[in-house]
């Protein structure tokens, strides 16, 4: 109940803005073909609900798969990078590449490699979301307290044991931070991939745009935001469950 | 009336778009990169007609019709069906000059597939890349059905997917992408969309209704300059092609020249020889409006003579 | 410096900040290498060393019991056995009921006691402590001092205890070593003239004050 009540302050600006937008369009201050009235967005959502929710499902699956892949690969790469300074210096710059490459530019390349369909969308979500996982996981692993590492050395623990029993659990809060960022990016990556690859919410946005259906565009964008929020909430839930007994952030 | 005057005083969103523009400057927003379809616009003698025109090149998805409606450009280039849809939504834009008298939209396929018509294409399987939301695509869907082919988004001017796959068909301008593909060694065949009965004016110069009312003299001057520009371009495209090629190096110079040549029959027809380059008829607009209504792309049909103005 | 430590001794190492006492301790634990000279242990057989840091350094995601049992887990001891040993150690530091709690739920003093218990589970022959009680309040410190001393007596380990506190050094140790300010040298190496049995009464004993004065003057000189 407390959690529900804490959501109310966040809803107030939303209600105010929605009401203001509705009035602005209705009384002609803002042209409806530039900014759709919230009521028309709602209507579009209801009218095209089968199409929109089908697209939402498609995008959700692609975003989720891309996100899971970048979680696994990102953590694995970070573990690899953490093994030595020389390896970090050799390979970390290439990881940064994932952060800086503009997905719009490489999406057509992804289509050539993976074809038109889900694989391209998943690849796009993966490319866009992997870097925060690598960066945060690596940072978490490397910032284990030296005293604890000494402790493990004292009792003869191997590097691998130290990794799994000490560095990994200690890095968990930071890994989860990385996952929070990556989850939103995975949705963005999926949508961009869908512009090029042609399915899901991205496709709905693209097609509606060429039809000059701004209301439908907004409806699809709204659903994409909901998807991003849902993924974010999922990570928060995982964080709560795993950290609640011992980490300050969940207390 | 009260609503209109409020729009003039209040810092409405549309006015924000006008910030930073020097007084008297006219912006012309193109809906693609500089290429032969805009030749006449680049060749036009604007200064001789007392106009200070800035051409804004576009690309994939440039929202020219919204830009004109919002006032971030005084003139824009759109296709006629876009204009009809926009008008039906309350966007007061008016067509002044139609570059392509006939719709140059088509679907290009690999000649090796030995297809005879659009009907064949949609029965033959494979992939067809088109912009699904465009009215012509919806017309094709209605007429031929898309269940036997895989529809994917159009890659814009990029023909690499087409070149890589014999069973890939792609939306194009009849005199443009096929020439590029031939230049790269492909053997192509093109089916005009107009064969299916869909033939809107294309590459149409439009302006907003408010600009037309506020500044009819400059609108007239603009059309005159554009008409002269197209005449000049048709007679000798080389100097303008050079200018445009510099702005858009993605097309080879030979292809530029080839396209400029191939597009002539779309621009100069018996109609234009009678009534002048860029002229339009009410009948053509009315046909288009009826087609769009049938397709369900518009709810309310605008009046045909509201859609265009002969200046 | 030349320092010899005999088995079974309780030796306190004192010195001003920056004199290198923590480094010395880490070198003894083989966690750091000396830049000059060497550390030799005789006889040269394998034996277990335990280290207690200034901060308890418990793993926050593990229960008290799992924390205490950690050294045995790392050494490959089976679960039932290591839990039994850990429980005994926790009992010795009076923390038996807290075994299911998490470090975040414990006070500073309790956490230090878990750290102590953890140091004992591996049955170390050598116990090194680096200012372990410095961050705790006085009463807790007194209690833990007494517990440490008792553990030393019952288990017969060699204890090297680095501290800032003269009173603590005097109360706990049989022998006190004061290092020079700039490190690398010994100012004072003294066997303390105090009874074997140490309890709270000793804190009021003039003999303790006498030893403290000696240590203080050694530390103040320079």
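Quick notes
- Percent antiparallel among DSSP beta bridges (both partners in the protein assembly as shown, rounded to 5): 45
- Across B:36, B:57, B:104, mean-square fluctuation computed from a Gaussian network of chain B (C-alpha pairs under 10 Å connected) peaks at B:57.
- Each distinct pair of alpha carbons in segment C:1-122 adds a 1/r term; the inverse of their mean, the Kirkwood radius, is 16.2 Å.
- Computed Kirkwood radius, in angstrom, where 1/r is averaged over Cα pairs of chain C: 18.1
- Efficiency of FRET from Cβ geometry, residue A:10 and residue C:36, R₀ 45 Å, rounded to 0.05: 0.10
- When all alpha carbon pairs of the protein assembly as shown are counted in 10 Å bins from zero, the resulting P(r) reads 2, 11, 16, 16, 12, 9, 8, 8, 9, 6, 3, 0, 0 %.
- Using alpha-carbon coordinates, inclination of helix B:253-262 to the longest axis of chain B, degrees: 80
- Over segment B:229-311, volume per residue of the alpha carbon convex hull, in Å³: 152
- Computed Rg/Rh of segment A:157-251, alpha carbon atoms with Kirkwood Rh: 1.21
- Computed from Cα atoms, the angle from the helix A:103-114 axis to the main principal axis of chain A rounds to 80 degrees.
- Note on chain A: GNM, Cα springs under 10 Å; of A:180, A:85, A:149, the largest mean-square fluctuation is that of A:85.
- Cα shape, segment C:59-123, gyration tensor, a/c 1.5 rule: prolate
- Cα-based Rg of segment C:131-218 normalised by 2.2 N^0.38 Å, two decimals: 1.07
- Least to most buried among A:57, C:72, A:42 (fewest other Cβ within 10 Å first): A:57, A:42, C:72
- Here, segment A:60-246 is characterised by an Rg to Rh ratio of 1.07, where Rg is the alpha-carbon radius of gyration and Rh the Kirkwood radius.
- The fewest-to-most ranking of B:214, C:181 by surrounding Cβ atoms within 10 Å reads B:214, C:181.
- Packing-based exposure ordering (other Cβ within 10 Å, fewest first) of B:49, B:110: B:49, B:110
- Chain B: proportion of alpha-carbon pairs further apart than 26 angstrom, %: 47
- Cα-Cα P(r), segment B:105-196, percent of pairs per 5 Å interval: 3, 15, 30, 29, 18, 5, 1
- For the residues B:194, B:208, B:250, a GNM of chain B with alpha-carbon springs under 10 Å puts the largest fluctuation on B:250.
- Cα centroid separation - segment C:7-54 against segment A:153-202, whole Å: 40
- Take every DSSP beta bridge whose two residues both sit in chain C; close to 20 percent of them are antiparallel.
- Theoretical ellipticity at 222 nm over the protein assembly as shown - DSSP helices of four or more residues, -39500 (n - 2.57) apiece, nearest 500: -17000 deg cm²/dmol
- Shape analysis of segment A:1-87 yields a ratio of the Cα radius of gyration to the Kirkwood radius, Rg/Rh, of 1.24.
- Within segment C:42-166, percent of DSSP bridges classed antiparallel, to nearest 5: 0
- C-alpha long axis of helix A:214-243 to longest principal axis of chain A, angle in °: 30
- When Rg and Dmax are taken over the Cα atoms of segment B:138-284, they come to 18.4, 53 Å.
FYI, it's all coordinate maths here, none of it is from the lab. Owing to the predicted nature of the structure, the values given are computational and were not obtained by experimental measurement. When we count neighbours, we look across all protein chains shown, and the Cβ atoms used for this are built from the backbone with ideal geometry, even at glycine.
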